[in-house]
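J.: One structure is given below, represented as structure tokens, and several questions about it will come after.
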Amino acid sequence: MARANTNKALMFGYRAYVAAFFVFLAAPLLAAGTFAFNDSLFPALPWQGFTLDWFFNDTEPKLGMFHDRRLLRGLYYSFVIAMMVSVLSVAVGTTNSFLFIRREFPFKNALYILMIVPLVIPGVILGISILVLASNVANSVYDRFEIEIDLLRPGIFLVVLGQFSFITTITTLVISARLRKFDSSLEEAALNLGAGRARVLRTITLPFLRPAMIAAGIVAFLVSFENFNTTLFLVGSESPLTITMYDRMAKVGSTPVLNAVSFFLMVGSGLLALISVAIQRPHPSE
Amino acid sequence: MTDADTYDLECTGISKDFGSFRAVDDVSFRIPSGTFFSILGPSGCGKTTLMRMIAGFEDPTAGDVCIKGKSVLSVPPNKRNVKMVFQHLALFPMMDVYENIAYGLRCAGATKDEIASKVADVLERVALPDLARREIHQLSGGQKQRIAIARCMALNPDVLLLDEPLGALDLKLREAMKIELKLLQHQFDTTFVYITHDQSEALVMSDYVAVMNAGRFEQVGRPEELYHAPQTAFVAGFVGDSNRWTGRAVEVRSDGIKVETDAGLTVIAMAHGNEQVVEGQAVELFVRPEFISATKPGTPDSDLPADNSYTGTVDGVLFNGANSRVLVRGPAGDLIEADVVVTGGADDLREGDPVRLHWARAQSMCFAS
Amino acid sequence: MSQDTKRLSLILLFAPFALWIVLLILLPHIGMVVLSLREKVAPRVYEFGFGNYVDFMNEPIYWNTLMRTGSMSLLVTVLALLIGFPVAYYIAKIAGKRSRGALFLMCLIPLWVSDLIRAFGWILLLRETGVVSSLLVWSGMTDEGIEFLYNDVTVVVGLVYTVILFMIVPLVSTLDGMGDDMIEAGYNLGGNSLTVLRRIIIPYAMPGIVAGCIVVFMLTSGSYLTPILLGGKNSSWFTEQIYDQFITRFNWESGAAFGILLLAFTSLVVWLGLRLSGQSLANTVART
């Protein structure tokens with residue numbers, strides 16, 4: 001420990017502060033999750049008793065989330081979008097990592113900064129800029145050739161592109177952190193033992209990167225699932241869950257079914273986050 | 001001058017417990033002004049804990065630490081005039097050399113001019129006058145070492161603690177730094193307390209060495225005392241190389257002890273240490289390889305009378321220049337190491353040669369175990 | 001590998017990167033700049049000009065909203081740093097080895113929960129019929145429920161809550177890299193707690209501090225949900241103006257100009273911050 005003779009009272013105060021901070025972190029999540037089990041039409045005190053109706057009941061007014069068509073559809077779209085985003089961004093993140101860690105080329109540093117930039121651009125602006133470009137292209141194609149390109153109108157494809165545009169930076173950073181730790185003498189040893197380039201990549205390098213790629217995929221999935229700002233501008237008729245929930249909140253007001261969805265999402269993300277941490281934990285043999 | 005003034009650092013009966021584990025156990029010692037004092041011990045013996053208590057990073061469970069005759073237990077670490085060179089040096093990477101050295105002076109509230117002159121002065125003394133504006137990562141290993149010492153010496157400490165600072169250096173540089181550290185200590189004329197597990201570092205540099213084991217001081221003395229007159233079996237085994245045998249004292253006389261080793265060798269030895277050896281007692285026996293002469297039978301030397309004399313066969317020759325050694329399979333079948341001179345001529349011992357070993361009883365150190 | 005295959009593989013690795021950056025980042029932003037420079041002179045007739053920016057300048061509401069967004073984002077950044085630094089220091093340097101990992105995980109878990117849910121949680125706690133208000137009535141401290149929502153303090157609290165994890169994570173990772181001997185050396189050479197904090201810990205953690213501040217500032221000024229949900233319709237956040245221009249008024253030209261202004265403004269603040277702290281984007285944000 002850094003200082004053995006730190007004042008005891010000061011230390012106690014410090015610990016209390018850290019504990020208070022974690023209470024602050026947990027409070028809204030607890031509130032959002034707990035009311036999912038309150039047998040009331042409103043997510044508010046007093047406590048009316050425990051119920052699972054907000055998950056499983058199939059009749060109004062207490063329509064449970066697993067019987068609410070629109071919420072389920074939102075969940076489905078979110079899942080499809082998140083899957084596509086994570087596959088795409090992990091693929092590009094991997095090639096980016098090889099590019100920036102292994103290769104030398106002109107303007108590398110400037111391009112590296114350009115690679116980081118999407119992470120700090122406000123999500124709202126990423127959303128509108130992609131919307132503007134896609135609409136311009138679609139409009140001019142329509143004006144010239146009278147062909148309507150549906151893909152470039154707000155919808156799932158644009159949402160995927162919009163989320164991909166900044167999530168790829170995250171996956172690149174996660175994967176290149178691991179590639180940087182790779183001991184290239186392992187590759188040299190494999191070459192020395194007679195393996196070809198492709199085989200070395202397949203049997204040595206990619207297996208080494210796999211934990212980071214899986215973790216990056218999970219992170220990408222979660223960030224995509226919870227994204228709101230970028231998605232808001234690019235969404236068409238197929239609303240993902242966050243947008244559906246927001247509409248519900250704005251139009252109907254908060255109902256405990258939203259707490260049920262929140263609880264469901266928190267448990268799901270928590271599990272995925274734990275898996276990604278467990279995967280990235282270094283093995284004792286490394 | 002009172003008695004206390006002559007000691008820069010004095011520890012009386014200090015102990016440190018971590019839970020039920022006693023890391024340092026009732027250690028007392030005094031270090032006279034201006035000496036190079038080493039604490040030598042295997043890793044985990046408590047030497048780092050002892051040093052951290054002197055610096056104030058740990059509080060002793062019992063006992064007292066006095067610097068220049070005054071107890072410093074109630075003085076926080078940043079007010080003790082004991083400076084420390086850390087194992088990994090802990091030079092501040094976000095500051096350059098000048099700022100690293102100036103840090104302590106600023107903390108002490110020195111003026112700009114004082115700082116400038118003191119930094120220049122101390123850089124001069126460590127023979128790196130032009131490095132003031134270098135960044136830390138631009139320095140070589142040896143330079144970093146000297147800057148870490150300079151950073152402390154700029155504050156005129158009563159005692160400088162060094163925590164195995166040579167550990168990270170390669171062998172050549174380590175050898176050079178040993179001599180350099182000794183010279184720096186002379187030049188600054190400050191008490192150095194040097195922590196190490198490397199006996200050659202301790203022997204080469206120190207005026208006094210304390211050998212530490214399992215939280216206690218086994219022996220404190222000049223390097224040659226430890227080497228030639230160890231007080232305990234641990235010191236005899238830890239300081240310098242030895243042939244070590246366990247056995248039993250079969251006959252105890254005032255001029256020597258006859259020991260029969262477990263392998264069946266009979267050796268005439270002298271008792272060492274504080275504990276009396278009595279007949280029939282289990283003992284440990286140490287003989288240093290350089291005191292065993294190994295000669296070919298038939299050469300004039302081999303006929304000299306000796307207290308201990310055996311014949312055997314050369315099992316292997318370990319060539320290492322001036323420190324070459326032979327492994328001899330003795331009469332009882334055990335291996336005995338003896339230093340030899342390998343000239344490269346025809347007289348050298350070779351594997352399989354018959355050989356005669358002999359040494360004086362004074363060179364067989366016997367401890368009650 | 002021969003020169004040619006080396007070249008080919010470089011091109012193959014470069015292609016996805018270039019497609020991504022050019023098609024999804026550079027071209028859209030250029031498109032937005034171009035769009036923002038189109039002035040509407042008559043229905044379906046456009047002309048090149050700075051009219052949209054002039055409109056912005058002439059309308060104090062827009063100006064004030066941008067300034068308000070900027071200053072509140074700075075306030076949130078500073079608060080996040082002040083609140084988060086002790087927590088990060090505790091996790092990196094004081095907590096035992098086991099609890100360190102657990103605490104860090106606890107910090108991360110809310111990170112994976114949507115903004116929306118976090119804001120929803122705050123609403124349930126703070127509205128007039130919410131948990132805090134109900135508890136106050138129940139305990140007899142007030143007679144009627146209190147509305148804690150829809151004011152600036154709540155917006156700031158909610159924003160700090162949303163972004164503080166992005167401050168703590170880079171701080172923990174830089175502080176983690178600092179050896180304890182660095183701090184001990186600081187004390188040993190005569191520094192007191194304040195000197196050690198000011199001269200050693202903070203300079204060492206500077207890349208992490210700057211990285212955290214940049215990410216937090218950008219996230220805050222670009223946030224949309226938290227100010228709207230916790231501040232109500234009149235929270236005057238600049239992203240709302242952009243949304244308003246784009247979706248409600250369908251005035252894309254002026255919306256694009258607003259977007260460019262927000263980007264330019266936040267970039268300027270980040271650039272100034274980097275200048276003042278002597279750091280660069282590459283050694284701060286890129287490291288985390």
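J.: Is there a residue being within 13 Å of chain A (Cβ to nearest Cβ), closer than 16 Å to C:Val215 by Cβ, in a helix (DSSP H, G or I) and of a type in the set (A, V, I, L, M, F, W, C) anywhere in the range C:91-106?
T.: The answer is no, given that none of the residues of the range C:91-106 is within 13 Å of chain A (Cβ to nearest Cβ), closer than 16 Å to C:Val215 by Cβ, in a helix (DSSP H, G or I) and of a type in the set (A, V, I, L, M, F, W, C).
J.: Ok, one more. Every residue in the range B:320-354 that is out of contact with any Ser or Thr (no Cβ under 6 Å at 6 or more places or on another chain), hydrophobic (A, V, I, L, M, F, W, C), farther than 28 Å from B:Ala233 by Cβ and surrounded by 13 or more Cβ atoms within 10 Å (Cβ to Cβ), please.
T.: Of everything in the range B:320-354, just one residue is out of contact with any Ser or Thr (no Cβ under 6 Å at 6 or more places or on another chain), hydrophobic (A, V, I, L, M, F, W, C), farther than 28 Å from B:Ala233 by Cβ and surrounded by 13 or more Cβ atoms within 10 Å (Cβ to Cβ), namely B:Leu349.
J.: Please count how many residues of the range B:77-123 are more than 20 Å from B:Gln185 (Cβ to Cβ), more than 9 Å from chain C (Cβ to nearest Cβ) and of a type in the set (Lys, Arg).
T.: 1
J.: Does B:Ala55 qualify as being small (Gly, Ala, Ser), within 23 Å of the chain's Cα centre (by Cα) and over 17 Å from B:Val85 (Cβ atoms)? Before you say what the answer is, go through the steps one by one.
T.: Numbers: small (Gly, Ala, Ser): yes; within 23 Å of the chain's Cα centre (by Cα): yes; over 17 Å from B:Val85 (Cβ atoms): no.
When the stated conditions are applied, B:Ala55 does not pass them.
J.: For the range A:213-286, please list each of the helices (runs of 4 or more DSSP H) lying entirely inside it that holds at least 3 residues being more than 11 Å from chain C (Cβ to nearest Cβ) and either touching a helix residue (DSSP H, G or I) at 6+ places or on another chain (Cβ under 9 Å) or more than 21 Å from C:Gly101 (Cα to Cα) (or both).
T.: Working: elements: A:229-234, A:241-251, A:256-280.
In the range A:213-286, the matching helices (runs of 4 or more DSSP H) lie at A:256-280.
J.: Could you tell me which of the residues A:Ala36, A:Ala26, A:Ala19, A:Ala44 is hydrophobic (A, V, I, L, M, F, W, C), part of a helix (DSSP H, G or I) and crowded, with 17+ Cβ neighbours inside 10 Å?
T.: Working: A:Ala26 fails: crowded, with 17+ Cβ neighbours inside 10 Å; A:Ala19 fails: crowded, with 17+ Cβ neighbours inside 10 Å; A:Ala44 fails: part of a helix (DSSP H, G or I).
A:Ala36 is the lone residue from the list that is hydrophobic (A, V, I, L, M, F, W, C), part of a helix (DSSP H, G or I) and crowded, with 17+ Cβ neighbours inside 10 Å.
J.: Tell me, yes or no, whether the range A:127-149 has at least one residue that is within 11 Å of chain C (Cβ to nearest Cβ), touching a Ser or Thr at 6+ places or on another chain (Cβ under 8 Å), part of a helix (DSSP H, G or I) and buried (at least 17 other Cβ atoms within 10 Å of the Cβ).
T.: yes
J.: If I ask for residues that are farther than 20 Å from B:Val211 by Cα and acidic (Asp, Glu), which ones from the range B:229-270 would you list?
T.: Going through the range B:229-270, the residues farther than 20 Å from B:Val211 by Cα turn out to be B:245-270.
Once the filter is applied, which keeps residues that are farther than 20 Å from B:Val211 by Cα and acidic (Asp, Glu), the range B:229-270 yields B:Glu251, B:Asp255, B:Glu260, B:Asp262.
J.: Regarding the range C:33-43, can at least one residue be identified that is more than 9 Å from chain A (Cβ to nearest Cβ), in contact with an Asp or Glu (Cβ under 6 Å, 6 or more places away or on another chain) and either among the aliphatic types (A, V, I, L, M) or not in a strand (DSSP E or B) (or both)?
T.: So far as the range C:33-43 goes, yes, one or more of its residues are more than 9 Å from chain A (Cβ to nearest Cβ), in contact with an Asp or Glu (Cβ under 6 Å, 6 or more places away or on another chain) and either among the aliphatic types (A, V, I, L, M) or not in a strand (DSSP E or B) (or both).
J.: Here is a check on your reading of the model: is C:Leu8 within 14 Å of another protein chain (Cβ to nearest Cβ) and surrounded by 14 or more Cβ atoms within 10 Å (Cβ to Cβ)?
T.: Working: within 14 Å of another protein chain (Cβ to nearest Cβ): yes; surrounded by 14 or more Cβ atoms within 10 Å (Cβ to Cβ): no.
In short, no.
J.: Output the residues belonging to the range B:258-314 that are within 23 Å of B:Val342 (Cα to Cα) and of a type in the set (Lys, Arg).
T.: Residues satisfying the conditions are B:Arg288, B:Lys296.
J.: I'd like to check something: does the range C:108-115 contain any residue that is of a type in the set (Asp, Glu) and either away from chain A (no Cβ under 11 Å) or surrounded by fewer than 18 Cβ atoms within 10 Å (Cβ to Cβ) (or both)?
T.: First pass over the range C:108-115, keeping only residues of a type in the set (Asp, Glu): C:115.
Pick out the ones that are also either away from chain A (no Cβ under 11 Å) or surrounded by fewer than 18 Cβ atoms within 10 Å (Cβ to Cβ) (or both) and you get none.
No, the range C:108-115 has no match at all.
J.: Follow-up question, since we're still on this one. Restricting the search to the range C:107-145, which residues are among the β-branched types (Val, Ile, Thr) and not in a loop (DSSP other than H, G, I, E, B)?
T.: Of the residues in the range C:107-145, the ones among the β-branched types (Val, Ile, Thr) are C:109, C:113, C:117, C:123, C:129, C:131-132, C:137, C:142.
Selection gives C:Ile109, C:Ile117, C:Ile123, C:Val131, C:Val132, C:Val137.
J.: Follow-up question, since we're still on this one. Looking at the range B:85-108, which of its residues are farther than 26 Å from B:Gly167 by Cβ and in contact (Cβ under 8 Å) with a residue 12 or more places away in the chain? Walk me through it before giving the result.
T.: Taking the range B:85-108 and keeping what is farther than 26 Å from B:Gly167 by Cβ, we get B:98, B:102, B:105-108.
Within the range B:85-108, B:Tyr98, B:Ala102, B:Leu105, B:Cys107, B:Ala108 qualify.
For (1) over 22 Å from the mean Cα position of the chain (by Cα); (2) touching a residue at least 24 places away in the same chain (Cβ under 8 Å), each residue gets a yes or a no:
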residue	(1), (2)
A:Val132	yes, no
A:Ser140	yes, no
A:Leu151	yes, no
A:Gly155	no, yes
A:Leu158	no, yes
A:Thr171	no, yes
A:Phe208	yes, yes
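J.: Let me ask something additional. Just to be sure I understand, how many residues within the range C:86-102 are surrounded by 20 or more Cβ atoms within 10 Å (Cβ to Cβ) and of a type in the set (A, V, I, L, M)? So that I can check it myself, show each step before the final result.
T.: Within the range C:86-102, the subset surrounded by 20 or more Cβ atoms within 10 Å (Cβ to Cβ) is C:87-92.
With of a type in the set (A, V, I, L, M) added as a condition, the list becomes C:87-88, C:91-92.
Qualifying residue count for the region: 4.
J.: In the list A:Leu152, A:Leu173, A:Leu209, A:Leu201, which residue meets the criterion of being crowded, with 18+ Cβ neighbours inside 10 Å and within 11 Å of chain C (Cβ to nearest Cβ)? Talk me through it step by step, then tell me what you get.
T.: Values: A:Leu152 fails: within 11 Å of chain C (Cβ to nearest Cβ); A:Leu209 fails: within 11 Å of chain C (Cβ to nearest Cβ); A:Leu201 fails: crowded, with 18+ Cβ neighbours inside 10 Å.
Within the list A:Leu152, A:Leu173, A:Leu209, A:Leu201, the selection yields A:Leu173.
J.: For the range A:1-59, give me each residue that is more than 10 Å from every other protein chain (Cβ to nearest Cβ), under 25 Å from the mean Cα position of the chain (by Cα) and either at positive phi or modelled with pLDDT of 85 or more (or both).
T.: A:Val23
J.: Might you check whether a residue that is crowded, with 18+ Cβ neighbours inside 10 Å and within 19 Å of the chain's Cα centre (by Cα) occurs anywhere in the range C:144-154? Reasoning before the result, please.
T.: So in the range C:144-154, the residues crowded, with 18+ Cβ neighbours inside 10 Å come out as C:148-149, C:154.
Okay, now just the ones that are also within 19 Å of the chain's Cα centre (by Cα), so C:154.
Taking every residue of the range C:144-154 in turn, at least one turns out to be crowded, with 18+ Cβ neighbours inside 10 Å and within 19 Å of the chain's Cα centre (by Cα).
J.: Related question: Look through the range A:105-120, keep the residues that are more than 9 Å from every other protein chain (Cβ to nearest Cβ) and of a type outside the set (A, V, I, L, M), and return whichever of them is surrounded by the fewest Cβ atoms within 10 Å (Cβ to Cβ). Quick ask: steps written out before the conclusion?
T.: Within the range A:105-120, the subset more than 9 Å from every other protein chain (Cβ to nearest Cβ) is A:106-108, A:110.
If we keep only those that are of a type outside the set (A, V, I, L, M) as well, we get A:106-108.
Working: A:Pro106: 6, A:Phe107: 9, A:Lys108: 12.
In this case the residue turns out to be A:Pro106.
J.: Please count how many residues of the range C:124-152 are within 14 Å of chain A (Cβ to nearest Cβ) and among the acidic types (Asp, Glu).
T.: Here the count works out to 2.
Listed here are the residues, each with its yes/no results for (1) within 18 Å of the chain's Cα centre (by Cα); (2) farther than 26 Å from C:Leu149 by Cβ; (3) surrounded by fewer than 23 Cβ atoms within 10 Å (Cβ to Cβ).
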site: C:Thr220; (1), (2), (3): yes, no, no
site: C:Ile228; (1), (2), (3): yes, no, yes
site: C:Gly232; (1), (2), (3): no, no, yes
site: C:Trp237; (1), (2), (3): yes, no, no
site: C:Glu253; (1), (2), (3): no, yes, yes
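The values are calculated or read from the model by the stated rules, or taken from the named source; none is laboratory data. On a predicted model such as this, the values are computed, not experimentally measured, just so you know. Note that each Cβ is placed from the backbone with ideal geometry, even for glycine, and that neighbours are counted across all protein chains shown.
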